[in-house]
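Presented below is the structure to which this report refers.
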Amino acid sequence: MVGFEVLQAVMSGDEESVLEFGKIIVGSLSIFAVMGVVFLYVGISLRWSLHLAYFFNYSPLEAIKESFVIVNKRWFAHFGFILFCILIGLLGILALFIGLLVAIPIISISDYIGFAEVTGLNEEEQVEDFKEFGNIDDIS
């Protein structure tokens, strides 16, 4: 809404109202910066909630709590991974959007592999597969 009002003030040519909106926006930059940092922290901390709910049948609240615990152990590594994925996505866009056909599966697979390594998902699936086919009698 502020953007439309600023645009209206600019289009009307009223310099005083444009300067007034400029002061309001500059005064609000610190609030926007703090909100951005909080949203970034929470967003990265929640990144594995859906994986936990799907693969481990957690309730939504349990998945959120567990995602916070797991991701916050190495939050900056997760942040770096997301920045790297953004870079891969931008390179895919630069390749005339056709690169996204390669970038999106690579990002998804690498995220799944990281999740499986951290949570031990692969080992549990392999154990269940072996038990199902009877290849291993006693797995502890």
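A few comments on the model shown:
- Angle in degrees between helix 15-45 and the longest Cα principal axis of the chain, rounded to the nearest 10: 10 degrees
- Dipole magnitude of the chain about its Cα centre (Cβ charges: Lys, Arg +1; Asp, Glu -1), debye to nearest 20: 440 debye
- Taking Cα atoms only, the orientation of helix 121-133 departs from the longest principal axis of the chain by about 30 degrees.
- Among SER17, SER110, SER67: highest mean-square fluctuation, GNM of the chain, C-alpha pairs under 10 Å: SER17
- Shown is the FRET efficiency for PHE79 and LEU29, computed with R0 = 30 Å from the Cβ-Cβ distance and rounded to the nearest 0.05: 0.85.
- Crossing angle, helix 60-73 versus the chain [Cα axis fit, 0-90 degrees, rounded to tens]: 90 degrees
- Between ILE64, ILE107, ILE31, the Gaussian network model of the chain with springs among Cα atoms under 10 angstrom shows the greatest mean-square fluctuation at ILE31.
- Available extension along the chain between ILE86 and LEU101 is 4.0 nm, counting 0.36 nm per residue and deducting the alpha carbon span.
- Added length on full extension, which subtracts the Cα-Cα distance from 0.36 nm per residue, SER17 to TYR54: 8.2 nm
- With contacts taken as Cα pairs under 8 Å at a separation of at least 6 residues, the chain carries a relative contact order of 12 percent.
No value in this document is a laboratory result; all are computed from the given coordinates. Remember, it's a predicted structure, so these values are computed and weren't measured experimentally. Because the Cβ atoms are built from the backbone with ideal geometry, glycine has one as well, and the counts that use them run over all protein chains shown.
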